[in-house]
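The values are calculated or read from the model by the stated rules, or taken from the named source; none is laboratory data. Note that the coordinates shown come from a computational prediction; the quantities given were computed from them, not determined experimentally. Neighbour counts are summed over all protein chains in view; Cβ atoms, including those assigned to glycine, are modelled from backbone coordinates with ideal geometry.
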Amino acid sequence: MKHFLTLFLLFFSISFASRAQVLDPVQWTVETQKLSDSEFNLVYKAKIDLHWHLYSQNLPEGGALPTEFVYDSVQQVNNYQLIGKAIESKSVTEYDKVFEMDLTYFESNATFTQKIKLLNPSLKSINAEISYQACDDQRCIYKFKNVEFDLTNAKPVEAGNDEVVADTTHVNTSNTEEPTLESENSGDKGLLGIFFTSFFLGFLVLLTPCVFPMIPMTVSFFTKQSKDKASGIKNAVVYGVFIIAIYTLLGTAVSAVFGSNAMYEFSTGVFFNILMFIILIVFAFSFLGAFEIMLPNSWVNKVDKGASKGGLIGIFFMALALAVVSFSCTFPIAGTALLDAATKGGIAPIISMLGFSSAIALPFALFAFFPSWLNSLPKSGGWLNTVKVVLGFLELAFAFKFLSMVDLVLEWHILEREVFLAIWIAIFGTLGLYLLGKIKLPHDSPLDYISVGRLSMAIIVLAFTFYLIPGLWGAPLKLVSGFPPPMSSNSESPYGVGYMKKQTAVSGKASKELPVGAYLGPHDLIAFHDYEVGLAYAKSVNKPVMVDFTGITCVNCRKMEEHVWIDSRVFNLLDNELILISLYVDNRDKLPVDEQYESEFSGNYIKTYGQKWLELQQIKYNTNAQPLYVIQDTNGNDLIHSVGYTPDSDEYYEWLKTGLENFKKQ
C-alpha cells in the first residue's frame, strides 16, 4: 500500500475539511468545434482532482452512476440532431468489490466529444446538462451542471480531425486550484503487477506437457553440442533471449494495433465474449483429452528446417519451434494474459509478454549454468497429463465467466448467480474427485496410489467447492468476488435460496406494519424517502429523525449499512428510537412538474428528487459528500453536529446516543 501513512493523513484532513465546504472535485470546461457549416463537435472536458474518479458513460446496471449529457428536448426539436454517442477519452477499468463488477472511470482528466448535425442555421447556442458522479476512497458526490455551447464562435476544425484543443470557457465552478497530477508511481506499479502476474502464468505453462519435456532436451543439446561449457551457456542464454523476443514482439504488435481503449471496447462486446467462451470450451475439452489441437504440420516442418541451421539463425528457429509446438498449451494462458493487458492499453501488452516469456526462458538459462540441476528435475510422466487436465477444468470454469458477461449485457437472466455457482460447484467438485482418482480421463496413466502433493491439491479443491455451496443461500463469497454475477441484480433470490423478503420489518418479537410513505430499507429498517413525509411521521410518534444523505451508488454508504448499522446497539437505536429518512441524492425520478424550480443557490433547474435532496444538503450543511448523517427533532432542528463516514461502530453509537439524549432534554 503506497505511502499508507501519508494517504491516511490526507484522507483525514479531506474528511475534516469536507464538513466546511461543498466538494467540487471535477471542474468542467466546454468548447464548440466547427467541422462544416452543418456539423459541429460539442466538447466537454473534465479536470479531476487527485484521488478522485469520474465515471464513464458506459457502465453496467447496478453499479456507479454513469456520466450523462442531457440536452434540452424542446430546443433540440427541428434545430439539431445528435450523431451517435459522445466519444470518450482513454479510461481505466477495474473491478469494484462493493458493486461486484468492473467499472470504468477517469483519473486526472477526461474528454467527451459529441458530434451534432445542425438543422436550423440560425441557432446561436445549445443548452445541455451534465450529471455525474465522482468518488474517492472515502466519499462519493453526485452533481449536475448546466452548460451552454456557443455556435457563433465555434473554432474551425477539419472534418476527421479528432484533436480536441484546450478549453477556454469555464462553467459553473468556484474551484480555482491548479489541476492536480496523477501519482508518478501509479502507472509503474500497475505495470509491475502485470509483469509479475504474467510471470506467474509463464511458470504455469512450464508445467505443461508441451513445454516441460523441452527443458532437459534443449539444455542437454546446447551443452553437448557446444565446443566448451562457456559456448553452451552462451547458446542457452541466447535461446532464452530469443524466446523473450518472440513473445514480446507479439505484445508489441498488440500494443501497436490496440494502443487506445479499442481493445477494451471490443472485449466488453457480446460477440467477443461469446467467441472467448467457445474458444475456452474447445481448449478445455482438448486439455481433458477429447481431442488434440495442433498447428498445421507444414508450419512445424518449416520451423524445424530453420532450426537445423547453425549459428544465431538456428537458435532463433529453435526458440520459434518451442513457441509453435507448445501452441496448444500456451495459447489459452498467454492469450488470457495478453487480453487482460491489452484492455489496459499503452505498453501493458509488451510488459505482459515480457513477464510471460521471461518465466519460460529462465529455466533454460539456469540449467545451462548449472547442468547438474537437471538430475533433480522430476521425470516426465503421467503427472504432466494431470497438470494439463487441471488446466482444462480451470479453463472450463473461466469460460462461464465470459458467458456470464453476455448474460449481464443482454439481460437474459439465464446464467443467474445461483446457476453460475452451481456450474462452478459441479466443475470443481468433479476436479476434486479426479484428483482423488475416482474419475479417469483419456490419456491418464494407471494410478496405483495418490501422492501427497495430489492429495493436498484434492483437499484444497474440495475445500473450495464446499466454500462455494453457501453462496447458493446468499453468502457473499469474498474469495471469488467479481466472478459470479452480482446478487443485487442477477440473482433468482437476492436474499438467498428459499428466502423471500417479507412486507413487514421485524424487530425482536414484534412485527411492524409499514407506515404510509415508508419502505423497507437496509436490514429491513423502516425508512422514508421523502423528508417532509418522514418528518411528519416523526412528529406523530414524537421521535427524533436521523436524516441519511446517501446515494444509490455510494460505496461508503453501503459500508456503513453493512458493517456499522448491523451492530446490535446501533441497529436497536435505528429500529426503535429514531425515524430513518434516507435521501438519495442521485435519485433520478422526476419531480412533479409543479414542484420543479430554478435554484437560487446554484442557478440550476431542479428537476429530480435527487437534485432536490442534494441542494438541501448543500444549503444546510455546506457539503455534497455522502454519506452524511444528521439527527433532528420533530421540527427539523439539529440536535447534534452531523457526521460523515464513521466506520467505528462504537463512535457511531455514541453519536446516536448523544443525539437521543439531547432530544429528551428538550
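Determine, yes or no, whether PHE317 is assigned by TED's automatic domain parsing to the domain that holds SER352, out of contact with any helix residue (DSSP H, G or I) (no Cβ under 7 Å at 6 or more places or on another chain) and modelled with pLDDT under 80. Break it down stepwise before answering.
Values: assigned by TED's automatic domain parsing to the domain that holds SER352: yes; out of contact with any helix residue (DSSP H, G or I) (no Cβ under 7 Å at 6 or more places or on another chain): no; modelled with pLDDT under 80: yes.
No: the conditions fail for PHE317.
Residues in the range 615-628 that are under 27 Å from the mean Cα position of the chain (by Cα) and either among the aromatic types (Phe, Trp, Tyr) or modelled with pLDDT of 85 or more (or both): PRO627, LEU628. Being surrounded by 19 or more Cβ atoms within 10 Å (Cβ to Cβ) and either without any contact (Cβ under 8 Å) to a residue 12 or more places away in the chain or within 23 Å of PRO332 (Cα to Cα) (or both) is not true of TYR449.
Which one of these is out of contact with any Pro (no Cβ under 8 Å at 6 or more places or on another chain) and assigned to a helix (DSSP H, G or I): LEU479, LEU447, LEU441?
Sole residue among the options that is out of contact with any Pro (no Cβ under 8 Å at 6 or more places or on another chain) and assigned to a helix (DSSP H, G or I): LEU479.
Kindly establish whether THR608 is touching a residue at least 24 places away in the same chain (Cβ under 8 Å) and in the same structural domain as ASN635 (by TED's automatic domain parsing).
For THR608, the condition - touching a residue at least 24 places away in the same chain (Cβ under 8 Å) and in the same structural domain as ASN635 (by TED's automatic domain parsing) - is not met.
One residue is enough: does the range 70-83 have a residue meeting the conditions in contact with an Asp or Glu (Cβ under 7 Å, 6 or more places away or on another chain) and buried (at least 18 other Cβ atoms within 10 Å of the Cβ)? Within the range 70-83, none of the residues are in contact with an Asp or Glu (Cβ under 7 Å, 6 or more places away or on another chain) and buried (at least 18 other Cβ atoms within 10 Å of the Cβ). Looking across the range 596-610, just one residue is in contact with a Ser or Thr (Cβ under 8 Å, 6 or more places away or on another chain) and within 18 Å of TYR531 (Cα to Cα), and that is ILE606. Can you give me the number of residues within the range 495-519 that are touching a Ser or Thr at 6+ places or on another chain (Cβ under 8 Å) and either within 11 Å of ILE579 (Cβ to Cβ) or modelled with pLDDT of 60 or more (or both)? Residues that pass the stated criteria total 2.
Quick check: is even one residue across the range 548-562 more than 34 Å from the chain's Cα centre (by Cα) and surrounded by fewer than 17 Cβ atoms within 10 Å (Cβ to Cβ)? No, the range 548-562 contains no residue that is more than 34 Å from the chain's Cα centre (by Cα) and surrounded by fewer than 17 Cβ atoms within 10 Å (Cβ to Cβ).
Residues checked against (1) modelled with pLDDT of 80 or more; (2) part of a strand (DSSP E or B):
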| position | (1), (2) |
| --- | --- |
| LEU42 | yes, yes |
| ALA64 | no, no |
| LYS90 | yes, no |
| PHE99 | no, no |
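The conditions of being under 19 Å from PHE285 (Cα atoms), part of a helix (DSSP H, G or I) and without any contact (Cβ under 8 Å) to a residue 24 or more places away in the chain are not met by ALA463.
Within the range 435-481, the residues that satisfy the criterion of being within 35 Å of the chain's Cα centre (by Cα) and among the β-branched types (Val, Ile, Thr) are ILE459, ILE460, VAL461, THR465, ILE469, VAL480. Against the definition (in a loop (DSSP other than H, G, I, E, B), modelled with pLDDT under 80, under 18 Å from ILE83 (Cβ atoms) and aliphatic (A, V, I, L, M)), how does ALA166 come out, yes or no? No.
The condition of being assigned by TED's automatic domain parsing to the domain that holds SER649, touching a residue at least 60 places away in the same chain (Cβ under 8 Å), in contact with a strand residue (DSSP E or B) (Cβ under 9 Å, 6 or more places away or on another chain) and of a type in the set (A, V, I, L, M) does not hold for VAL570.
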